[in-house]
Amino acid sequence: MFTFLSKEVRDGLEQARKQSLRKGNRLSVHSDGQVHRILRLWETGFELEHRAGLRGLVDVYDGPRHLSHCLIVKSDEGDGQYRYEFKRATPARDQAPVDFVLNDVAPAALIPRYQ
């Protein structure tokens, strides 16, 4: 498709594509106090636009919402985009896990006894 377009037009199209990915995406990865925008996220990894030097444990966010804690490794780079793969991705929880079985028929409220 790009064989008949000039180099300037191809560069402009590529720049517009990257800008649209950045604008429409709220996903980010946080590591050591640094925040990096995620271009694409899939089940087994994500892609960044620039070299971030990420390794080890990171946190993935969708805007202000914490999605997961991840252990990552760099897998591939090409066309100015850097791909990272998850070794482990644990969904973030807002409550601590319990070590007992929760009763499904717990009362919704207590009714006081009148004397």
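The values are calculated or read from the model by the stated rules, or taken from the named source; none is laboratory data. All values derive from a computational prediction rather than experimental measurement. Keep in mind that these areas ignore ligands, DNA and RNA; they rest on the heavy atoms of the full protein, side chains included. Shrake-Rupley method; radii C 1.70, N 1.55, O 1.52, S 1.80 Å.
Brief remarks on what is shown
- Helix 7-23 vs. the chain, principal-axis angle (Cα, 0 to 90°, nearest 10): 10 degrees
- Summed over the residues of region 13-115 and divided among them, the accessible surface reaches 77 Å² per residue at a probe radius of 1.4 Å.
- Amide hydrogen neighbours beyond the local backbone of LEU67, cut-off 5 Å, H modeled: VAL60, TYR61, ASP62
- One chain, two ends: GLU49 and VAL35. Fully extended at 0.36 nm per residue, the span grows by 3.8 nm beyond their Cα-Cα distance.
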